[in-house]
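Each reported figure results from applying straightforward, stated rules to the coordinates on display, with no laboratory input. Note that the coordinates shown come from a computational prediction; the quantities given were computed from them, not determined experimentally. Cβ placement follows ideal geometry from the backbone for every residue including glycine, while neighbour counts extend to all protein chains displayed.
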Amino acid sequence: MAGAMPLTLAITGGTGFVGRHALDAALARGHQVRALTRRPQPDREGVAWIAGDLETVESLARLVRGADAIVHIAGVTNARDRRGFEAGNILGTAAVRAVAGRLPLLLVSSLAARAPELSIYGESKRRAEDVARGTAGPLAILRPPAVYGPGDTEFLPLFRAARRGVVPVPRGGVAAMIFAPDLARAIIALAEDLAGAGRSNGQTLEIDDGTGGHPQRAIAEAIGAAVGRPIRAIGIPAALFPLGAALDTAAARLSGRLPRLSFDRARYLPHPDWRADSGPLRALGLWQPETGLAEGMRKTAQWYVKAGLLPPLRQGAARAS
C-alpha cells in the first residue's frame, strides 16, 4: 500500500450510507476495520463486526481495543425532537471520547455545525464538536455538506421528480456537494494522517467537490441530465418550507415514519449560503476530489436503476464521462 502503513481503524456508523463507503475506502487502502453494529452483518474480509451501540460502554471498549485510530461517523440527521438529536450526536460523541483515551480521533460532523443557530441538528453537531475537542489524543473534525451517491436515498425523491420534468429546490440558494466515495477517501486519508504525521491535528475542515458550491438550479439540472430529461427547476421560497414541513409531518404521523421534510430541516435547507471551502483540506496534500457534480449524479442515477428504485434511464442518460 503506497503512502501509508496498514492500520486497524475503529469505525462507528459503518453500516450507514457514508460509513459503508468509508469501509470500502479503508479496505481498498489495505487497512483492517473494527466496525460497530447493532444487528448481525454478513462476514466481510478485513472487517471485524463489533456488536453493540454508542450507549454501551463495554461494546465501545471492545471496538477501540487494538485500534490505531477511531473514525466516528455515527450520528443522527433526523429525529422527532431535541432529545433525539442530543442522544445521537452529543451523547454519542461523548461516549466515544470517553473510551478513546489518547487514540487519534476523526469526528465526521456536518457543514450545518457552521450555523448552529439555524437548526437543532446543526446545534447538536456543533456541540458534538465541542465535546470531541476535549479528547486527549490527536483530533480532526470534518464537516461534509450535502452527500450523495450510490446507496443514498435522501436525493431519490428529486430524481423521481426529475423523471416527471419538474424539480423543486430552495430559491436562490447555493449549496456545496460531495460524492460519497470522494468523502470516504478523505475520511480514511485523515485517519491515516492522525495516526501518523498529524498535519490535520486540531483542525476543523470543510470538504466539497472543489467548486465551493453550486446554484440550486444547477443541482436540479444535473439531476435532470442524469435521468435523461430536461427539467424545470422550481424555486421554493424559504417562507413556504414550514408549510411543506407541516404537510409532511402530518403524513408521516399517519404512516408512522419520520418526516423527510421536518420542521427542523425546513429551517436550514433554504438557507441561501451553504458554500464550503475545502482549500485548507486540499492544502494538506492528503486528498483531492475526483468526481464532479454531473458525473456523480449520473453514477447515482445508475445505482438507483440497478437497485430498482428508478425505472430504466433514457438511452445515454447515465453514460459515464
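Which of (1) more than 18 Å from V169 (Cα to Cα); (2) in contact with a Ser or Thr (Cβ under 9 Å, 6 or more places away or on another chain); (3) not hydroxyl-bearing (S, T, Y) does R267 not meet, given it meets every other one?
Of (1) more than 18 Å from V169 (Cα to Cα); (2) in contact with a Ser or Thr (Cβ under 9 Å, 6 or more places away or on another chain); (3) not hydroxyl-bearing (S, T, Y), only one is false for R267: (1).
Does any residue of region 251-274 turn out to be among the hydroxyl-bearing types (S, T, Y), touching a residue at least 24 places away in the same chain (Cβ under 8 Å) and either assigned to a helix (DSSP H, G or I) or in contact with a strand residue (DSSP E or B) (Cβ under 7 Å, 6 or more places away or on another chain) (or both)?
Yes - at least one qualifying residue is present in region 251-274.
Would you pick out the residues in region 170-196 that are outside any helix (DSSP H, G or I), over 11 Å from the mean Cα position of the chain (by Cα) and of a type outside the set (G, A, S)?
P170, R171, V174, listed by residue number.
Is there a residue being of a type in the set (G, A, S) and either surrounded by 21 or more Cβ atoms within 10 Å (Cβ to Cβ) or without any contact (Cβ under 8 Å) to a residue 12 or more places away in the chain (or both) anywhere in region 30-39? Steps first, answer last, please.
Going residue by residue through region 30-39, those that are of a type in the set (G, A, S) are 30, 35.
Still in the list and also either surrounded by 21 or more Cβ atoms within 10 Å (Cβ to Cβ) or without any contact (Cβ under 8 Å) to a residue 12 or more places away in the chain (or both): 35.
The answer is yes; a qualifying residue exists.
Condition first: farther than 18 Å from D277 by Cβ and among the aromatic types (F, W, Y). Now tell me which residues in region 177-197 satisfy that.
Within region 177-197, none qualify.
Are any of the residues in region 130-138 surrounded by fewer than 19 Cβ atoms within 10 Å (Cβ to Cβ), charged (D, E, K, R) and in a loop (DSSP other than H, G, I, E, B)?
yes
Is one or more of the residues making up region 201-221 touching a helix residue (DSSP H, G or I) at 6+ places or on another chain (Cβ under 9 Å), part of a loop (DSSP other than H, G, I, E, B), surrounded by fewer than 23 Cβ atoms within 10 Å (Cβ to Cβ) and among the charged types (D, E, K, R)?
no
Only residues that are touching a helix residue (DSSP H, G or I) at 6+ places or on another chain (Cβ under 6 Å) and either part of a strand (DSSP E or B) or among the small types (G, A, S) (or both): list them for region 143-169, please.
Scanning region 143-169 gives R143, V147, Y148, G149, G151, A162, V167, V169.
Run G151 past the list (1) closer than 26 Å to G228 by Cα; (2) surrounded by 23 or more Cβ atoms within 10 Å (Cβ to Cβ) and report the number of the one that doesn't hold.
The number of the failed condition is (2).
Would you say T93 is touching a residue at least 12 places away in the same chain (Cβ under 8 Å), of a type outside the set (D, E, K, R), in a loop (DSSP other than H, G, I, E, B) and more than 18 Å from L281 (Cβ to Cβ)?
Here the answer is no, as T93 does not meet what is asked.
Go over the candidates G212, G202, G172 one by one and state the one that is in contact (Cβ under 8 Å) with a residue 24 or more places away in the chain, at positive phi and in contact with an Asp or Glu (Cβ under 8 Å, 6 or more places away or on another chain).
Result of the check over G212, G202, G172: G212.
Among the residues of region 236-250, write down those that are assigned to a helix (DSSP H, G or I), closer than 18 Å to L158 by Cα and either hydroxyl-bearing (S, T, Y) or more than 25 Å from the chain's Cα centre (by Cα) (or both).
Correct list: L240, L247.
Every residue in region 69-81 that is in contact (Cβ under 8 Å) with a residue 40 or more places away in the chain and not β-branched (V, I, T), please.
The answer is A69, H72, A74, G75, N78, A79, R80.
Which of the helices (runs of 4 or more DSSP H) contained wholly in region 1-90 include at least 1 residues that are within 21 Å of the chain's Cα centre (by Cα) and of a type in the set (V, I, T)?
Ranges flagged: 17-28.
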